[in-house]
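Note sheet for the following structure.
Any read-out appearing in this document is the output of simple, stated calculations on the displayed coordinates, not a laboratory observation. Because the structure is predicted, anything quoted here is derived from the model rather than measured. Reconstructed Cβ throughout: ideal geometry from the backbone, glycine too, with neighbour counts over all protein chains shown.
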Ligand code: SAH
Ligand code: SF4
Ligand code: F3S
C-alpha cells in the first residue's frame, strides 16, 4: 500500500479506532496464550516535538493492547521516531537498524517501524527500501495517527507498508497520549515552519506552519490540569509567530495570558522563540503572567551579521542583543538560553569572534552547541565556502571556552538562594537524590525520596557545578 492520500479529519480518526480494536483483539489472544502482553518500544531521536509525537505513538500502542518497555531487546514491536536535523542523528538510526537485522533473524515475529522527520526525505526512504528490508512499516510526520491502520495492513499482508505524505492534512486532534511524566506535559500549539533558515531541513520535513486554535489548545490544557499536570511546555518551531493564518487571529502573548488563567496549571514554559519575531507584547505578557517561567530559549545561531544573513535569520547581532537586554530589563531574573551553530559556510576565526562577543554580552545561562551539518536540499548545502572539519572544531572549542565560565558564574550566584523546585525524578547518579528544575530551568539535585516526585519542594542551593546545582530541602 502506498501513498494513500485521504486527508486526516474526524472520520479518519474513527477509521483508526476500528483498526485499534482489531489489533487489540489479536493482542488479547496473544496475552491469553502466552501469559504476557506484547511489548512495544518507542525510541525517539531529535527534539521535543518528536518526543511529544512519541507520547502519541505510545498512547495508540497502549490502546492497541501493547505493554511498553524501554529495552529494545525485550520488545515485540520497535518504533524509531527519527530526526534528520544533523547527519549524526541519521547515522545513529542506520547503525541501530543494522543491529536489529540480527535481532530480527533470531526473533522473526518482531516488527520494526520507522517514522518521523528522516522518513520525509526521499533519499533516506530509498536507502531503507534497498538496504534495510527487515523494516516492516514506514510512515512520516504528517500521518502519525494512521499507525493502527498501517500496522494492521502489515500484519494481514505480511509485506512491508510504506505510507509517506508530502504535505499536511487537517490537524488530527484528540489523539491518545501517554505522558512520560504525570505532572508535566508538552502541548503542540503549532506545527511546521515557514522560516527556511538556509541550513535547516525542518521546513522540508515538517511542512508549512499551521497553528491550532486557542480553543483546542485551552481544552487540552484544561484536561491536562484535571489529570494532575502542573507544568505545561508549549511547543512550536517558532512560537512567536503563533496564530498567523487563524481565522480569529490570536498572538502568542494572548495565548500565554489565556493559559495563565487555567486553574491547576502552575508553570508554563514554551519553545522555541525565533528572535526575529519576539515582540514587546510577549515580554510584557511574560512579565505579567505569574505562571510563565522566567526562562526563554532564544537561539542566536551565530554572532556575525554576514553569517546571520546567509543563514536567512532576519536579525543582526545588535538587534539580537537589544532583545536580550529588553528581556533582562523587564525580568532581571529571567534566564536566557540559546542554540549556537559553528562551521557554517564562510565562518572563519573572525566570524566566530562575533559569536563569542554575543556570548559574553548576552551572558547565556545555557546553550546547545552544534557543528554545522550539510543537509541535502537546503540552500546552505550548495554554498561554495564550506568550512573544514578542523576549522569547525576549533570554533566549537572556542565557543565552549567562552560559554562554560559564564554558565558556571551565573550558577555560582545562586548559592545561598532558595528556589521552588519541581521534583522530577530520582537522580541517575545517586538514588538518594532527586532531580528537579527551578522556574528559570536550572537543574537541581537534592537529597530526598521518590515520594517528592511531582511536587514543588523548597530547596536552598549549597553548591554548584557547571551544568547543575546541588541543594538541600528547607
Ligand atoms: N526552530 C528552532 C530550532 C529547531 S532545530 C529555532 O529556530 O530555533 C534545533 C537546532 O538545531 C537549531 O537551533 C540549530 O542550532 C540546530 N541545527 C539546525 N539545522 C542544523 C544543521 N544543518 N547543522 C547543525 N545544526 C543545525
Ligand atoms: Fe529550522 Fe529556522 Fe525553522 Fe528553526 S526557524 S526550524 S532553525 S528553519
Ligand atoms: Fe525535531 Fe529533528 Fe524533526 S530536530 S523537527 S526531530 S528533524
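Using the average count of surrounding beta-carbon atoms within 10 Å as a protection proxy, the listed peptides 45-53, 17-25, 385-393 rank, highest first, as 45-53, 17-25, 385-393.
Measuring r between the beta carbons of residue 374 and residue 349 and using R0 = 22 Å, the FRET efficiency lands at 0.60.
Helix 349-362 and the longest principal axis of the Cα set of the chain meet at an angle near 80°. Need one word for region 165-307: rounded, prolate or oblate. Basis is the Cα gyration tensor (sqrt eigenvalues a ≥ b ≥ c); a/c below 1.5 gives rounded, then a/b vs b/c decides. Oblate is the answer for region 165-307, as a/c is 1.5 or above yet b/c matches or exceeds a/b. Measuring nothing but how far apart in sequence close Cα pairs (under 8 Å, 6+ apart) lie, relative to its length, the chain scores a relative contact order of 10 percent.
With semi-axes defined as the square roots of five times the eigenvalues of the C-alpha gyration tensor, the equivalent ellipsoid of region 354-454 measures 37, 18, 12 Å, largest first.
Distance between the C-alpha centres of region 268-314 and region 182-243: 15 Å, rounded to the whole angstrom. Between 0 and 90 degrees, the angle of helix 10-34 with respect to the longest Cα principal axis of the chain falls at about 70 degrees. Between residue 401 and residue 36, the simple spin-label model (points 7 angstrom out along Cα→Cβ) gives 5.3 nm. The stretch between residue 472 and residue 28, if pulled fully straight at 0.36 nm per residue, gains 155.1 nm over its current Cα-Cα span. The ranking of 58, 114 by Cβ neighbour count inside 10 Å, starting from the fewest, reads 58, 114. If the chain linking residue 129 and residue 181 were pulled fully straight, counting 0.36 nm for each residue of separation and taking away their Cα-Cα distance, it would gain 15.1 nm.
For the chain, the normalised intensity computed at q = 0.07, 0.08 Å⁻¹ comes to -0.39, -0.52 (log10 of I(q)/I(0), Debye sum over alpha carbons, equal scatterers, no solvent). Summary value for region 285-404: 29 percent relative contact order, contacts being C-alpha pairs under 8 angstrom separated by 6+ residues.
The relative contact order of region 179-293 comes to 27 percent, based on Cα pairs under 8 Å that sit 6 or more residues apart. At q = 0.19, 0.21, 0.24 Å⁻¹, what is the base-10 log of I(q)/I(0) for region 418-473 according to the Debye formula with one equal point scatterer per Cα and no solvent? Please give it to two decimals. So the normalised log intensities are -0.51, -0.63, -0.84. Between 0 and 90 degrees, the angle of helix 317-330 with respect to the longest Cα principal axis of the chain falls at about 80 degrees.
So if each residue of separation counts as 0.36 nm, and I subtract the Cα-Cα distance between residue 48 and residue 280, what length gain in nm does that give?
Result for the pair: 80.9 nm of gain on full extension.
By the count of neighbouring beta-carbon atoms within 10 Å, fewest first, 133, 374 end up ordered 133, 374.
When only alpha carbons are used to place a centre, region 412-451 and region 48-105 end up 30 Å from one another.
Over region 54-128, the reciprocal of the mean inverse Cα-Cα separation, the Kirkwood hydrodynamic radius, stands at 13.4 Å.
Estimated from helical segments only, the mean residue ellipticity of the chain at 222 nm is -12000 deg cm²/dmol, where each DSSP H run of four or more residues counts as -39500 (n - 2.57).
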